[in-house]
Amino acid sequence: MANHASALKRIRQTKKRTDRNMARRNRVRTFVRRVEEAIASGDKEAAEAAFKVAMPELHRSASKGVMRKDTASRKISRLAHRVKAVGA
């Protein structure tokens with residue numbers, strides 16, 4: 001366990017940041033899951049609506065440093081292809 005004040009502060013900051021990032025990551029997973037459930041049900045309008053809500057959330061997670069920018073772009077692209085294929 002740390003004894004210096006600066007090390008104790010660094011531990012507090014890390015915990016706060018970890019909790020925040022976990023919450024953001026869970027939020028992204030929830031939105032992506034909603035899109036995947038709509039795709040599985042075959043409802044194109046619901047899938048498109050869920051995708052429109054999930055896309056900014058993925059971008060936001062990339063801008064906040066929760067995931068890398070290219071990872072968010074890849075996830076968005078793959079979801080977009082799957083949404084487009086629904087009901088085709």
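The values are calculated or read from the model by the stated rules, or taken from the named source; none is laboratory data. What you see is a predicted model, and the numbers here were worked out from it, not measured in a lab. For neighbour counting, all protein chains shown are included, and Cβ atoms are generated from backbone atoms with ideal geometry for every residue, glycine included.
Here are some notes:
- In the set (1) among the small types (Gly, Ala, Ser); (2) touching a Phe, Trp or Tyr at 6+ places or on another chain (Cβ under 8 Å); (3) outside any helix (DSSP H, G or I), the condition left unmet by residue 87 is number (2).
- When each of 77, 61 is tested for being among the hydroxyl-bearing types (Ser, Thr, Tyr), surrounded by 14 or more Cβ atoms within 10 Å (Cβ to Cβ) and modelled with pLDDT of 95 or more, the lone residue that passes is 61.
- Residue in the range 31-51 that is free of Cβ contacts under 8 Å to residues at least 60 places away in the same chain, closer than 30 Å to residue 2 by Cα and of a type outside the set (S, T, N, Q) present: no
- For the range 59-88, the tally of residues that are hydrophobic (A, V, I, L, M, F, W, C) and either under 19 Å from residue 18 (Cα atoms) or under 14 Å from the mean Cα position of the chain (by Cα) (or both) stands at 6.
- Cross-chain or 6+ apart pairs with Cβ under 9 Å, the range 70-88 first and without any contact (Cβ under 8 Å) to a residue 24 or more places away in the chain, then exposed (fewer than 14 other Cβ atoms within 10 Å of the Cβ): 72/63
- Any hit, the range 39-47, residues being more than 15 Å from residue 85 (Cβ to Cβ), assigned to a helix (DSSP H, G or I) and among the aliphatic types (A, V, I, L, M): no
- Any chance residue 12 is surrounded by 11 or more Cβ atoms within 10 Å (Cβ to Cβ) and at pLDDT 95 or above: no
- When residues of the range 39-58 are limited to those that are more than 17 Å from the chain's Cα centre (by Cα) and hydrophobic (A, V, I, L, M, F, W, C), the one surrounded by the fewest Cβ atoms within 10 Å (Cβ to Cβ): 40
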